1. Any idea how many residues of the stretch 48-91 are exposed (fewer than 14 other Cβ atoms within 10 Å of the Cβ) and part of a loop (DSSP other than H, G, I, E, B)?
2. Note down all Cβ pairs under 8 Å where the first residue falls in the stretch 67-91 and is within 21 Å of GLU49 (Cβ to Cβ), the second is among the β-branched types (Val, Ile, Thr), and they're at least six residues apart or on different chains.
3. I'm checking my understanding of the structure. Among residues of the stretch 1-46 that are of a type in the set (D, E, K, R), exposed (fewer than 15 other Cβ atoms within 10 Å of the Cβ) and in a helix (DSSP H, G or I), which one is nearest to the chain's Cα centre (by Cα)?
Amino acid sequence: MTRGSKLFPSFVKFLKSKDPSDGTEQALLDELNTLEEHLKAHGPYVGGEKISAADLSLAPKLFHLEVALGHFKNWTIPESLSHVKNYMKVR
């Protein structure tokens, strides 16, 4: 399974959700936590020390997630996900 493969669908479901108790936010957090653990063990990139096609696919999705959820839901990636937040800053 590719790391982050369920991230974008989870993001879209949460973005479209109107029910705060429907589990879509937790599903997104679960996916972000999976990515956090992977980056913590194998980072700074998805494949390790070098940027890969997986990063080129994932990075824009994380950017869209951050912008859209910030705008429409006033939601940000939790500070506790430090490896994800750092990943988003790595150039």
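1. Qualifying residue count, the stretch 48-91: 10.
2. Cβ pairs passing all conditions: VAL84/ILE77; LYS85/ILE77; MET88/ILE77.
3. Among residues in the stretch 1-46 that are of a type in the set (D, E, K, R), exposed (fewer than 15 other Cβ atoms within 10 Å of the Cβ) and in a helix (DSSP H, G or I), the one nearest to the chain's Cα centre (by Cα) is ASP30.
Every read-out reported here was derived from the displayed coordinates using simple, explicitly stated rules and does not represent laboratory data. Keep in mind that what you see is a predicted model, and the values were worked out from it rather than measured. Note that we place each Cβ from the backbone using ideal geometry, even for glycine, and neighbour counts take in every protein chain shown.
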